[in-house]
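Colleague: My structure is below; once you've seen it, I'll send some questions.
The values are calculated or read from the model by the stated rules, or taken from the named source; none is laboratory data. Everything quoted here is computed from the prediction, not taken from an experiment. Methodologically, a virtual Cβ is constructed for each residue, glycine included, from the backbone with ideal geometry; neighbour enumeration extends over all protein chains shown.
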């Protein structure tokens, strides 16, 4: 067993660890390989601190990890089921290295009484902050109707980067903040496992991207993960967000996904047939 600080060469090994972890234990589905992949390429991800991510390896395979969420202050830590004895070491490392000046928050599954007790014994307290995972099965194709004048197209990089970043910028209501768009455009990190056929945009008559959905799927899993989804304000209420999500999930189904997960409480997803899967409460050590 060896501990090491994360380096970029460990990227895929962390993906593999999270796939194995969620195969064993769905209480950690809020942290899956796709969330790691999406987060790692996010413009807000604090890349200056990647060396503080802690990995525990057995014969070169990651069996436990402590990972911050975008930046220090919130984190995830877990081990594969045969390595539970590592928890004291992992939890100590996580708090010592991944907290910020306000402390550290960790999301714990509401049904995981063992982990809740561990958090309380370590000096954490239960907070009001929560996280909800929704899911829906993909046994049947999702129906949608694309309004006249619009089409769904795949997003390819780097040629579509400006159009992609612009729909994200506008779709998450940052329009008018030029510095925000510039920050997004300066981010050159691309998720290596992103699939163009699952990264979709609804384009208007002029080719402008007005709605977007990315889904993530790995053949070693039985699920798809939805993140991010947005529609720019002037085009909301037309069914474009529904169209790109449904098309992306239908494609995931054809690839082998049996269900889909999303971190959200939005009614938008519930109207698409998503239901509650699991709920998490944050425990904070200040």
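Colleague: On the given criteria, is residue 172 under 20 Å from the mean Cα position of the chain (by Cα), over 23 Å from residue 257 (Cα atoms) and outside the structural domain of residue 105 (by TED's automatic domain parsing)?
Modeller: Values: under 20 Å from the mean Cα position of the chain (by Cα): yes; over 23 Å from residue 257 (Cα atoms): yes; outside the structural domain of residue 105 (by TED's automatic domain parsing): yes.
Yes, satisfied.
Colleague: Does residue 227 satisfy being exposed (fewer than 14 other Cβ atoms within 10 Å of the Cβ) and in the same structural domain as residue 169 (by TED's automatic domain parsing)? Let's see the steps before the verdict.
Modeller: Working: exposed (fewer than 14 other Cβ atoms within 10 Å of the Cβ): no; in the same structural domain as residue 169 (by TED's automatic domain parsing): yes.
Answer is no for this residue.
Colleague: Surrounded by 15 or more Cβ atoms within 10 Å (Cβ to Cβ), within 29 Å of residue 17 (Cα to Cα) and in the same structural domain as residue 170 (by TED's automatic domain parsing): which single residue out of 251, 220 fits that description?
Modeller: Numbers: 220 fails: surrounded by 15 or more Cβ atoms within 10 Å (Cβ to Cβ).
So the residue among 251, 220 that is surrounded by 15 or more Cβ atoms within 10 Å (Cβ to Cβ), within 29 Å of residue 17 (Cα to Cα) and in the same structural domain as residue 170 (by TED's automatic domain parsing) is 251.
Colleague: Moving on to the next point. Have a look at 92, 189, 159 and point out the one that is over 23 Å from the mean Cα position of the chain (by Cα) and assigned to a loop (DSSP other than H, G, I, E, B).
Modeller: Numbers: 92 fails: assigned to a loop (DSSP other than H, G, I, E, B); 189 fails: over 23 Å from the mean Cα position of the chain (by Cα).
Result of the check over 92, 189, 159: 159.
Colleague: While we're here: Looking only at the stretch 75-89, count how many residues are under 20 Å from residue 51 (Cβ atoms), surrounded by fewer than 19 Cβ atoms within 10 Å (Cβ to Cβ) and under 23 Å from the mean Cα position of the chain (by Cα).
Modeller: 0
Colleague: Can we say residue 146 is out of contact with any strand residue (DSSP E or B) (no Cβ under 6 Å at 6 or more places or on another chain) and in a loop (DSSP other than H, G, I, E, B)?
Modeller: yes
Colleague: I would also like to ask the following. Given the criterion under 21 Å from residue 271 (Cα atoms), free of Cβ contacts under 8 Å to residues at least 60 places away in the same chain, touching a helix residue (DSSP H, G or I) at 6+ places or on another chain (Cβ under 8 Å) and not in a loop (DSSP other than H, G, I, E, B), identify the matching residue among 202, 224. Don't jump to the end; show me each part of the working.
Modeller: Numbers: 224 fails: free of Cβ contacts under 8 Å to residues at least 60 places away in the same chain.
After applying the criteria, what remains is 202.
Colleague: In the stretch 12-27, how many are in contact with a helix residue (DSSP H, G or I) (Cβ under 7 Å, 6 or more places away or on another chain) and either modelled with pLDDT of 95 or more or not assigned by TED's automatic domain parsing to the domain that holds residue 49 (or both)? Please lay out each step first, then the result.
Modeller: At the first step, the residues of the stretch 12-27 found to be in contact with a helix residue (DSSP H, G or I) (Cβ under 7 Å, 6 or more places away or on another chain) are 14-15, 18-19, 21-22, 24-25.
After this cut, where a residue has to be either modelled with pLDDT of 95 or more or not assigned by TED's automatic domain parsing to the domain that holds residue 49 (or both) as well, the list is 14-15, 18-19, 21-22.
The total comes to 6.
Colleague: Just wondering, is there one or more residues in the stretch 51-61 that are in a helix (DSSP H, G or I), assigned by TED's automatic domain parsing to the domain that holds residue 112 and surrounded by fewer than 20 Cβ atoms within 10 Å (Cβ to Cβ)? Outline the logic, then answer.
Modeller: Initially, the stretch 51-61 is screened for residues in a helix (DSSP H, G or I), giving 51-52.
Add one more test, that the residue is assigned by TED's automatic domain parsing to the domain that holds residue 112, and what stays is 51-52.
This time we only want the ones that are surrounded by fewer than 20 Cβ atoms within 10 Å (Cβ to Cβ), so: 51-52.
Looking for residues that are in a helix (DSSP H, G or I), assigned by TED's automatic domain parsing to the domain that holds residue 112 and surrounded by fewer than 20 Cβ atoms within 10 Å (Cβ to Cβ), one finds at least one in the stretch 51-61, hence yes.
Colleague: Also, I was wondering about something else. Could you please let me know if residue 182 is out of contact with any helix residue (DSSP H, G or I) (no Cβ under 6 Å at 6 or more places or on another chain), assigned to a loop (DSSP other than H, G, I, E, B) and not assigned by TED's automatic domain parsing to the domain that holds residue 26?
Modeller: Details: out of contact with any helix residue (DSSP H, G or I) (no Cβ under 6 Å at 6 or more places or on another chain): yes; assigned to a loop (DSSP other than H, G, I, E, B): no; not assigned by TED's automatic domain parsing to the domain that holds residue 26: yes.
Taking the combined requirement at face value, the residue does not satisfy it.
Colleague: Assess whether residue 142 counts as being surrounded by fewer than 17 Cβ atoms within 10 Å (Cβ to Cβ) and either in contact with a helix residue (DSSP H, G or I) (Cβ under 7 Å, 6 or more places away or on another chain) or at pLDDT below 95 (or both).
Modeller: Numbers: surrounded by fewer than 17 Cβ atoms within 10 Å (Cβ to Cβ): no; either in contact with a helix residue (DSSP H, G or I) (Cβ under 7 Å, 6 or more places away or on another chain) or at pLDDT below 95 (or both): yes.
No: the conditions fail for residue 142.
Colleague: While we're here: Find all pairs meeting these conditions: Cβ atoms under 9 angstrom apart; at least six residues apart or on different chains; first residue within the stretch 89-107 and at negative phi and free of Cβ contacts under 8 Å to residues at least 60 places away in the same chain; second residue surrounded by 19 or more Cβ atoms within 10 Å (Cβ to Cβ) and assigned to a helix (DSSP H, G or I).
Modeller: Between residues of the stretch 89-107 that are at negative phi and free of Cβ contacts under 8 Å to residues at least 60 places away in the same chain and residues that are surrounded by 19 or more Cβ atoms within 10 Å (Cβ to Cβ) and assigned to a helix (DSSP H, G or I), the close pairs are 91/119; 97/52; 98/52.
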